[in-house]
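Have a look at the structure below before the remarks.
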Amino acid sequence: MNDETLSAFLDDALPPERVAELLAALAPGAPGAAEARDRLTTLQLIKDALVGIEAPDDGFTLRILARLAAHRTPRGRA
Amino acid sequence: MHERLALTPPPPGPETDGAAAPRAPGGPAPETADGALVGRAIAGETLAFELLVVKYQRRAAAEIRRVVHDPAIVEELTQDAFLRAYDGLPDLQERDRFWPWLRTICRNVASSYLRSGQNRQDDRPADPDAVATIEAIERSGAHGSVEDEVAARQLFDALRRAVAALPERQRDAILMREIEGLDYRSIAATMGLPVNTVKSLIFRGRDAIAHAIRPLMAPTRARRW
């Protein structure tokens, strides 16, 4: 996954037909996924900072995803 | 290996979360990547919604921060907003307009909080799965701290310095994109350059900024999604 693709996604300029490619590159266990996730995180951080949105701490994303994961379980959705 | 894997219940397959029955994708063909992600998330593809979280989490928090100032409450309401969005995805009529829809949810969540005047700890359902998950996060060290806030501030300052140090054309292209919200074609017209050149300027500018801030991001690499 090259950075121009990640950049285009964040700029709303990635064609929808390339989303499968994006998801495959970021999927857990995919070769280079960890690096691609880091690059996406950094690029998003840059975009947000430029419009004055401060970065929350690094655990912010994990905590949202953790609540989602708990919410998605059958008991969490009950 | 990402910490996310330790926090997420093991999925039965690589594409779906398997918790609930897959939701029918349906809807018109997407015109944007966001629209495609919404469709895939409705169909049960966990990573699709996670990508929307990564893309919009800070904007969502900033929207809530307009009316709520306590950082802990802002974070909790941001999580609430994404949970509501997840549950409401099948009802989203214009899938290509995910952000405007999420922004409305954020405003409603913040307004509801202000109106309620209730203690957040008291009105949260005692969901044992959620409690266990949050405890796991705290044990992992991914819980926010004063040091984290200081590090975030340093990073923000470094970003601003890196932008100021960019070559003029890169900086102009990036600022037109981010501050003025122009798309690639409009920036190209304004600068009198081909669209591909604009794409390249923006990409190279962001790459330079990323390089400048990399040392500040390295210490917490293991705590990212």
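Computed quantities for the displayed model
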item: Extreme residue, farthest from the other protein chains (Cβ to nearest Cβ), among residues of the range A:26-68 that are of a type in the set (D, E) and surrounded by fewer than 22 Cβ atoms within 10 Å (Cβ to Cβ); result: A:E35
item: Neighbours by Cβ (under 8 Å, 6+ apart or cross-chain): first from the range B:50-77, assigned by TED's automatic domain parsing to the domain that holds B:L89 and among the small types (G, A, S); second assigned to a helix (DSSP H, G or I) and at pLDDT 95 or above; result: B:A60/B:T78; B:A60/B:A81; B:A60/B:F82; B:A60/B:L102; B:A60/B:R103; B:A60/B:C106; B:A61/B:T78
item: Single residue of A:L43, A:L50, A:L14 found to be out of contact with any strand residue (DSSP E or B) (no Cβ under 8 Å at 6 or more places or on another chain) and modelled with pLDDT of 90 or more; result: A:L14
item: Matching entry among B:A61, B:A29, B:A81, B:A43 (being more than 19 Å from B:A152 (Cα to Cα) and buried (at least 20 other Cβ atoms within 10 Å of the Cβ)); result: B:A81
item: Members of the range A:6-21 found to be assigned to a helix (DSSP H, G or I) and either at the interface with another protein chain (Cβ under 7 Å from one of its Cβ atoms) or surrounded by fewer than 17 Cβ atoms within 10 Å (Cβ to Cβ) (or both), listed by number; result: A:S7, A:F9, A:L10, A:P16, A:E17, A:R18, A:V19, A:A20, A:E21
item: Residue check, B:A152 facing chain A (nearest Cβ under 10 Å), surrounded by 17 or more Cβ atoms within 10 Å (Cβ to Cβ) and without any contact (Cβ under 8 Å) to a residue 60 or more places away in the chain; result: yes
item: Residues (at the interface with another protein chain (Cβ under 8 Å from one of its Cβ atoms) and basic (K, R)) located in the range B:176-213; result: B:R177, B:K199, B:R206
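The values are calculated or read from the model by the stated rules, or taken from the named source; none is laboratory data. This one's a predicted model, so the numbers in the text were calculated from it and none came from an experiment. Quick reminder, even Gly has a Cβ in these numbers, built from the backbone with ideal geometry, and neighbours come from all protein chains shown.
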